[in-house]
1. Suppose the chain between Gln245 and Val275 were pulled fully straight at 0.36 nm per residue; how much longer would it get relative to their current alpha carbon spacing?
2. Between Pro93, Pro42, Pro12, find the one with the highest GNM mean-square fluctuation for the chain; connect C-alpha pairs within less than 10 Å.
3. Give the dimensionless ratio obtained when the Cα radius of gyration of the stretch 1-64 is divided by 2.2 N^0.38 Å.
4. Please label the shape of the stretch 154-203 as rounded, prolate or oblate, based on the square roots a ≥ b ≥ c of the eigenvalues of the alpha-carbon gyration tensor (a/c under 1.5 means rounded; beyond that, a/b larger than b/c means prolate, else oblate).
5. Please state the Cα pair-distance histogram of the stretch 133-275 with 10 angstrom bins from zero: what percent is in each bin?
6. For the pair Lys39 and Asp159, how long in nm is the line joining their label points, each one 7 Å along Cα→Cβ?
7. Report the FRET efficiency, 1/(1 + (r/R0)^6), for Thr129 and Phe194, where r is their Cβ-Cβ distance and R0 is 41 Å, rounded to 0.05.
8. Helix 60-70 versus the longest principal axis of the chain: what is the Cα-based angle in degrees, 0 to 90, to the nearest 10?
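The values are calculated or read from the model by the stated rules, or taken from the named source; none is laboratory data. All figures in this text were calculated on a predicted structure; none of them were measured in a lab. Here the Cβ positions follow ideal geometry from the backbone for every residue, glycine too, while neighbour counts run over all protein chains shown. Surface areas here come from the heavy atoms of the whole protein model, side chains and all, with no ligands, DNA or RNA. Shrake-Rupley method; radii C 1.70, N 1.55, O 1.52, S 1.80 Å.
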Amino acid sequence: MKVFIVPNYARPDAVEGAHALEHWLSGQGVEAVWAHDKKRYPDYIEDPSACQLVVSLGGDGTLLRAARIVGYSQIPMLGISYGHLGFLTTAGPDKLIETVRSALAGKLHVSHRATLAIESTFACEDGSTYQVNSFALNDFSVSRGGQGDMVQFEVSVSDNHIDTLRGDGFVVSTATGSTGYALAAGGPIVTPEFSGMVCVPIAPHTIMARAFLTAPTDVVEIEMSPERPVARHFFADGQNVRKCQEGVPVHATVRRGPGDILLLDHSAQSFYNSVSRVFYGRAGR
């Protein structure tokens, strides 16, 4: 058996915990495989395909990095919180070995988290275009550029035109991502059991635009308006989608991903416990 370890290399305590976990796993006859430090090796392609479990040691950002590595392969993931929020994580450092032991024994609850498959189109100055395919566990977003100008775009769902919007941007999130950027933009908190998408305008220049939910089979399309060719960006889980310096984002198609993230937690109630702890301040009650 192999376990893939993804630590937050910027946190010495997370790296120390990863070493402690590797030592314990070795004593159990389990091989540990480490993710590379992405700041030192930004172009290294990770391959966890031979592993039976992925353990993230950090905050929610580290877990999102682990999710990008796993992609749609449906390798079970476990998050240990060394960060500030830890909404998606299962336990703290004091429960590291105990929680991993339970995961390896199959004693933890498996939460199926819907993902996103995103196809972004970019236009170059010479009139050519190119496409980038992206994965997201949390969300895809359209955001205004550094000049601060409002962006204008068309939103359609499964060939049904919704509206022409102007504002700071637009978020398409999963239920998992509903507690992130979508929530900050005014969207609802959505149970992980919901497998559709959450669509939220960001600071729209109208009082009429509201967040809405889609069916799991729907496809959301965002077309940037040529009438307002200002700077804008596409992001998947907070990472800039553009793969090269050239190209202006012009169109995005967002649909449910072909595979879920299998997130391990203590019970089916873990989500509501986290909502209570993080957003309603009921820690310890």
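1. Working: separation 30, 0.36 × 30 = 10.80 nm, distance 3.91 nm.
Going from the current span to full extension adds 6.9 nm.
2. Pro42
3. Numbers: Rg = 11.5 Å, N = 64, 2.2 N^0.38 = 10.7 Å.
So the Cα radius of gyration is 1.07 times the expected 2.2 N^0.38 Å.
4. On the way: a/c = 3.32, a/b = 1.34, b/c = 2.47.
Here the stretch 154-203 falls in the oblate category.
5. 11, 43, 33, 11, 2, 0
6. For Lys39 paired with Asp159, the spin-label model returns 4.9 nm.
7. On the way: r = 34 Å, r/R0 = 0.82.
With a Förster radius of 41 Å, E is 0.75.
8. Tilt relative to the chain: about 90 degrees.
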